[in-house]
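The structure appears below as C-alpha cells.
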Amino acid sequence: MSETFVIVGGDAAGMSAASKAKREDPDLEVVVFEKGEWVSYGACGLPYYVKGEIQSLEDLVSVTPEEFREERDIDLRTGHEVTEIDPDAKTVTAVSEGSTLEQAYDYLLIATGAAAVTPPIDGVDLEGVYTLGSMSDGKELREYVARARSNESFQQPDRGPACQYLEDCSGPVGIVGGGYIGIEMAEALAANDFEVHLFQRGERVLNGFSEATSEAVAEHLREQDVALSVGSEVVEVAGSERVEEVVTEDDRVPVEMVLLGTGVRPRTNLAKDAGLECGETGAIATDAYCETTVSDVYAAGDCAEATHTVTGEPAYVPLALTANRHGRAVGQTVAGRPTDGGDITGTAAVKAFDLEAARTGILDHERATEAGFDPITKTINANSRAGYYPEDGTVTVTLTADLETGRVIGASLVSEYGEGAVHRSHALVATLEEDATVFDLENYDLAYAPPFNTTWDPVLVAAKVLA
Ligand code: FAD
C-alpha cells in the first residue's frame, strides 16, 4: 500500500515539498491542507502589486491549484484549516466550511509560515490599519490605494504637505517599522503620491544591515520626501472609528491609513499543541533534515528554525529561498532520499526607491562575540564601474571578519539601484559558506570589465582593506 505524506500549508515550503515528493515517488499519496484560497504565491511581490507595477494578484501565483491537482496529481485541499495534530495516532484534523475531517499520515510536514505581528498598542484594530502578510492583505491595500487615488481631494494639485484635505482615504499615511517591508511599502505608497511618514522604534532603519547601509537608506528615504522618524516608538494609533493619528512618545501625526510593518512571528500553535519542541528563537526546532523532535513530523519555512552557517547555532530568518529549499529537501527525504536542508546565512536584499541593499551573515558585534568571534568591521566606498566609464556609481561595502583567523563572518552592501550591491553580495555569501578568510577573498578571481566594475571590484577592495 502506498504511503501518505500530509502537508499543512500550501505556499513556498509546503508546495515545494509536495511537488518534489510526488516527482521523486509518484506512488506516494500527497495531501496538502491550505486554509486560504491561494497556494504557491509570491508574497515577496505584494509591495509591487500594491504599488501598481504588478497588475493582478494572479500574476504572483507560480502554479495554480488546478495545475497541482491535474498535472502533478497532488490532493490539494484549499479552504481547509488543520486544527490538530495527533502524533501518536499519526492523524491531523482539518475543518472546512463547518465540517471536520480526520486524515492519517505516514509523514507530516508543518509549513504554516509566519503571521504579521500586531504590536500591543491601542488602536491597531481601527479601520484603516493594515498589515501586509497575506494575499488578502495585499488585495485590501491595493483597494485602499485605488479608492484614495480616485478621491477628488487626493487629486488636488496643491495638496499641501500636511494634506489639508482629510476626507476618507486621501491623506498622509503612516508606516510603523523600518524593516524591509516598511521600506518597500514606503516606496509603493510614495509612488502613488501619498505623503509617507515612516516611524522606526530603533535608531536606524534596516537594523540587520550595517550602519553604513542603514544611513545611506535613511538619507535616501528623506531625499524621496519620506518623513522618517527614527528612535520614535509608536505608542498608540488614535481615532474614533477610523485611524486619525499615529501617536509617538513626543508627537501626534495626522494620518488616514497605517501600515504595521513590525515583523513576523512563526505560526507554531499546532506544533506546540502536538508536543513538538520550539527553540529559543520561538520557531519550531528541527534537525539538519528539517525533522522536528517528533519522528516523521517535519517543519520547514517561516515556521521553523534553521542552523546558521556562521554560528552553527539555530537561527530564525524567515525568507523565501529557505522555505523553498527546505520544503524541497523534505519532499526528497520523504520520498526515500534523505536530504539535508542546508544551513542559512541570513542573506537578504531590499530595493529602497533608487537604492539596492543586501546583507549576509553576522554583522552585529555583540552577537559575533557571543558566537566566539573577535569581530572587526570596515566599510569602504568604491566605484561601481571603471572611473572613465560614462555611467559610474558607488558601491558601499561593509565587511565583518574575525580578527584572529581573518574569517569573513558578515557583509552588507548598498549602491544605486542597478549598480550591483545585491549581485556582489553573492560572492560574499560564498565566502561565508566556505569559511573563507579575507585573505582568500582578496585573491578571488572575480570578473572585470569597465561597464561592470573596476579592475579591483569593490568586494576585493573591502577584503584588501581588512586583510
Ligand atoms: P507562508 O508563505 O507564510 O505560507 C504558509 C501557508 O500556510 C499560508 O498559505 C497559510 O494560509 C497556511 N496555513 C497556516 N496555518 C494553517 C493551518 N492551520 N491549516 C492550513 N493552512 C495553514 N522573502 C524573501 O526572501 N525576499 C523577499 O523579498 C520577501 N519579501 C516579502 C514581502 C512580503 C510583503 C512578505 C509578507 C513576505 C516576504 N518575504 C520575502 C518572506 C517570504 O514570503 C516567506 O519567507 C515565504 O513565503 C515563506 O514561505 P512558507 O511556505 O514558509 O510560509
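If we scan the stretch 341-358, do we find a residue that is touching a residue at least 40 places away in the same chain (Cβ under 8 Å) and over 30 Å from Ala447 (Cβ atoms)? So far as the stretch 341-358 goes, yes, one or more of its residues are touching a residue at least 40 places away in the same chain (Cβ under 8 Å) and over 30 Å from Ala447 (Cβ atoms). Number of residues in the stretch 434-453 that are touching an Asp or Glu at 6+ places or on another chain (Cβ under 9 Å) and buried (at least 18 other Cβ atoms within 10 Å of the Cβ) equals 1.
If the condition is being part of a strand (DSSP E or B) and either within 24 Å of the chain's Cα centre (by Cα) or at pLDDT below 95 (or both), then the stretch 80-120 contributes Glu81, Leu109, Ile110, Ala114, Ala115, Ala116.
Candidates Asp296, Asp354, Asp302: the one that is acidic (Asp, Glu), over 29 Å from Arg424 (Cα atoms) and either crowded, with 22+ Cβ neighbours inside 10 Å or at pLDDT 95 or above (or both) is Asp296.
Take the residues in the stretch 17-65 that are among the small types (Gly, Ala, Ser) and either free of Cβ contacts under 8 Å to residues at least 12 places away in the same chain or near the ligand (Cβ under 8 Å from one of its atoms) (or both), then tell me which one is surrounded by the most Cβ atoms within 10 Å (Cβ to Cβ).
So in the stretch 17-65, the residues among the small types (Gly, Ala, Ser) come out as 17-19, 21, 36, 40, 42-43, 45, 52, 56, 62.
With the extra rule that they be either free of Cβ contacts under 8 Å to residues at least 12 places away in the same chain or near the ligand (Cβ under 8 Å from one of its atoms) (or both), the set shrinks to 36, 42-43, 45, 56.
Numbers: Gly36: 16, Gly42: 17, Ala43: 21, Gly45: 16, Ser56: 9.
Among residues in the stretch 17-65 that are among the small types (Gly, Ala, Ser) and either free of Cβ contacts under 8 Å to residues at least 12 places away in the same chain or near the ligand (Cβ under 8 Å from one of its atoms) (or both), the one surrounded by the most Cβ atoms within 10 Å (Cβ to Cβ) is Ala43.
Any chance the stretch 200-210 includes a residue that's assigned to a helix (DSSP H, G or I), modelled with pLDDT of 95 or more, within 22 Å of the chain's Cα centre (by Cα) and under 30 Å from Glu366 (Cα atoms)? Talk me through it step by step, then tell me what you get.
If we filter the stretch 200-210 for residues that are assigned to a helix (DSSP H, G or I), which is where we start, we get none.
Among the residues of the stretch 200-210, not one is assigned to a helix (DSSP H, G or I), modelled with pLDDT of 95 or more, within 22 Å of the chain's Cα centre (by Cα) and under 30 Å from Glu366 (Cα atoms), which makes the answer no.
Cβ-Cβ distances below 9 Å connect the following pairs, each with a first residue in the stretch 76-95 that is closer than 21 Å to Ala17 by Cβ and of a type in the set (Lys, Arg), a second residue that is more than 9 Å from the ligand (Cβ to nearest atom) and not in a strand (DSSP E or B), and a separation of six or more residues or different chains: Lys90/Tyr105; Lys90/Asp106; Lys90/Asp296.
For Asp88, the conditions (1) crowded, with 20+ Cβ neighbours inside 10 Å; (2) more than 15 Å from the ligand (Cβ to nearest atom); (3) of a type in the set (Asp, Glu) are fulfilled apart from (1).
How many of the residues making up the stretch 119-139 are more than 12 Å from the ligand (Cβ to nearest atom) and surrounded by 14 or more Cβ atoms within 10 Å (Cβ to Cβ)? Working first, answer last.
As a first pass, look at the stretch 119-139 and keep what is more than 12 Å from the ligand (Cβ to nearest atom): 119-129, 139.
Those left that are additionally surrounded by 14 or more Cβ atoms within 10 Å (Cβ to Cβ): 119, 121, 123-124, 126, 128-129, 139.
Final tally of qualifying residues: 8.
When each of Thr311, Thr307 is tested for being more than 12 Å from the ligand (Cβ to nearest atom), out of contact with any His (no Cβ under 7 Å at 6 or more places or on another chain) and in contact (Cβ under 8 Å) with a residue 40 or more places away in the chain, the lone residue that passes is Thr311. For the stretch 354-396, a residue qualifies if it is in contact with a Lys or Arg (Cβ under 8 Å, 6 or more places away or on another chain) and farther than 25 Å from Asp435 by Cα, and the qualifying residues are Glu391, Asp392, Gly393.
The values are calculated or read from the model by the stated rules, or taken from the named source; none is laboratory data. In this text, all values refer to a predicted model and were calculated from it rather than measured experimentally. Quick reminder, even Gly has a Cβ in these numbers, built from the backbone with ideal geometry, and neighbours come from all protein chains shown.
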